[in-house]
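Note sheet for the following structure.
No lab work stands behind these numbers, since they all come straight from the coordinates. Please read all numbers here as calculations on a predicted model, not as lab measurements. FYI the Cβ positions are ideal-geometry reconstructions off the backbone, even for glycines, and counts take in every protein chain you see.
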Amino acid sequence: MVLATINPATGVREDEFEAHDAAEIERRVEQAAQAHLELRVTGFEDRARWTRRAAELLEGDAEDTARMITVEMGKPIAQSRAEVYKCAKTLRFYADHAAEFLADEHLANPSAVNASQAFARYHPIGVVLAVMPWNYPLWQVVRFAAPGLMAGNACLLKHASNVPRSAIYLDTLFERAGFPAGALNTLLIGARDVEAVIADRRVAAVTLTGSEPAGRSVAAAAGRSIKKTVLELGGSDPFIVMPSADLEAAAETAVRARVANNGQSCIAGKRFIVHTDVHDDFLRLFVKHMADLTVGDPLDEATDVGPLATRGGRDELAELVDDAVAKGATVLVGGFTPDRPGWFYQPTVVTGLTSEMRLVGEEAFGPVASVYRAQDRQDAVRIANQTTFGLSSAVWSNDRDEQDWFVSALDAGAVFLNGMTVSYPELPFGGIKDSGFGRELAAVGIREFCNLKTVWRA
Ligand code: NDP
């Protein structure tokens, strides 16, 4: 099997890598297991020093790495650069805070359990397998690896098959920074080889970011082996606009929320639910800004929206729009594949959606926005909560009571008020329903893959 870097802006095959064979997989799993044994007896200070060094190396490589990302999956170069710096920031965040997040938790009154002292201590869980997607080829991995390595775990990375250069770059980064060899070890394997790695007794846990079918498959395999999982799956996030909102700011932000990363983000605003009193005004502004976007070569600094990462992804998106149109939806802008090489899709706004259209229930992974009219806030929440997903959400309202009402009523892992969903190392990140379970980032993210060991002293 061959893993290839194919430039989505041109369709040109830039690079090819042989997948690892059984012997190489075995060597790498064992190396990760040994790296964990070394890491678990190091202290936070050593790990923090290496993690900060990894941040410096990333920043030093920023221009080449940003180009690598853009050529491999097509996001505009400025956004690739921002991804690299966000990774460096997150590495430093965990270098600074891991010891505090994983400090012993003492029972205030140990006599209640007949002890002189009782506490819980966070130990690393072991080797964690990370099955990762292509949409943020560095960030998705660092989001998991920074807390994982700082906790003392080793990481096996099975990256998406279309980003092998990124996978190989990450394979050496942490060793260059001082971590034991194999502390983050890339497996160049396809999806079908994942189950055997999950079943390996040296692998303690699994995390997956990707689609719902991949999540179901990995969680089932982990369940059979009784291994902890964190799943970060898709989303079809609502972006709600109420009459008290600043409409111009909401419309500008809505466009960014929809098209960042060429629209291929799990936390993108995908369904725009607008109160009937401001629906037409918002829609006019939103359509204008979507129409003004520059679609083009993602290596060009002036480009707002580049190609979709894969031909399959582009075709799937086009099918969703075509299905809606065939069933009576209206396309206000876009709705077509530009006539040029590569896997582009024009930024699109669709209205007039009805429940039999696939776009209503499925995730549109690309620059396609669906706009809904809501009669009141109950109706807005009904539309927002009608999908099987529950990742994040955004609400635009300047009424504080109304904001609080939405925070309670929305089925989502996060609510962003008068803004768009962004992941920050400081904030817990994750979803409910078919968007997955478990949390990444913040203190909770580093604790997910720890063995919380209870210690009782007579
Ligand atoms: P996938 O979920 O198929 O890929 C994500 C990762 O999972 C890849 O490493 C992939 O490996 C692996 N994988 C896929 N199927 C399995 C399996 N059965 N067992 C083990 N590992 C598996 O995403 P796609 O690239 O196909 O994108 C399809 C859709 O997924 C998108 O349209 C979007 O809806 C969603 N998605 C969501 C993301 C998010 O951020 N939450 C990110 C990417 C996609 P391989 O590449 O070798 O197939």
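Sequence neighbours fewer than 8 away in the same chain don't count; with that in mind, list the aspartates and glutamates whose C-alpha is under 12 Å from residue 433.
In chain and number order, the partners are 212, 232, 411.
Which lysines does residue 86 reach when only Cα atoms under 16 Å apart count, and residues fewer than 8 places away in its own chain are ignored?
Output for residue 86: 75.
Just to be sure I understand the curve: with the Debye formula and one point per C-alpha of segment 1-42, what is log10 I(q)/I(0) at q = 0.14, 0.20, 0.23 Å⁻¹?
Rounded to two decimals, the profile gives -0.55, -0.69, -0.76.
Could you work out the helix-only [θ] at 222 nm for the chain, with each DSSP H run of four or more residues adding -39,500 (n - 2.57) and the total divided by the number of residues, to the nearest 500 deg cm²/dmol?
-13000 deg cm²/dmol
Pick out, in residue order, every one of the trypsin sites (Lys or Arg not before Pro) in segment 114-212 that is DSSP loop and has at most 12 other C-beta atoms within 10 Å; say none if there are none.
Those that pass, being in a loop and sparsely packed, are 201.
Translational D (Stokes-Einstein, µm²/s) of the chain at 20 °C and 1.002 mPa s when Rh comes from the Kirkwood sum over C-alpha pairs?
93
Please quote Rg/Rh for segment 21-92 to two decimal places, taking the Kirkwood radius as Rh and restricting both calculations to Cα atoms.
Numbers: Rg = 16.0 Å, Rh = 14.3 Å.
So for segment 21-92, dividing Rg by the Kirkwood Rh gives 1.12.
Under a Cβ-Cβ cut-off of 13 Å, what is the net charge of the residues other than residue 70 that fall near it, where Lys and Arg count +1 and Asp and Glu count -1?
Its environment carries a net charge of -4.
Residue 1 to residue 211: FRET efficiency via 1/(1 + (r/R0)^6), r the Cβ-Cβ distance, R0 25 Å, to the nearest 0.05? Present the calculation step by step, with values, prior to reporting the outcome.
On the way: r = 20 Å, r/R0 = 0.81.
E(calc), rounded to 0.05, equals 0.80.
Please work out the C-alpha center-to-center distance from segment 373-415 to segment 234-256 and express it in whole Å.
Measuring centre to centre over Cα atoms gives 11 Å.
Compute the distance in nm between two label points, each set 7 Å from the Cα along the Cα-to-Cβ direction, one at residue 17 and one at residue 302.
3.5
Which three extents, in whole angstrom, do the alpha-carbon atoms of segment 237-424 cover along their principal axes, largest first?
Result, largest extent first: 50, 37, 29 Å.
With θ set to phi - 60°, apply the Karplus curve 6.51 cos²θ - 1.76 cosθ + 1.60 along segment 400-416 and write out the HN-Hα couplings as whole Hz, x wherever there is a Gly or Pro.
So the J values, rounded to whole Hz, are 4, 5, 5, 4, 4, 4, 5, 4, 6, 7, 7, 8, 7, x, 7, 10, 9.
Round to a whole angstrom and tell me the spacing of the C-alpha centers of segment 430-454 and segment 67-94.
24
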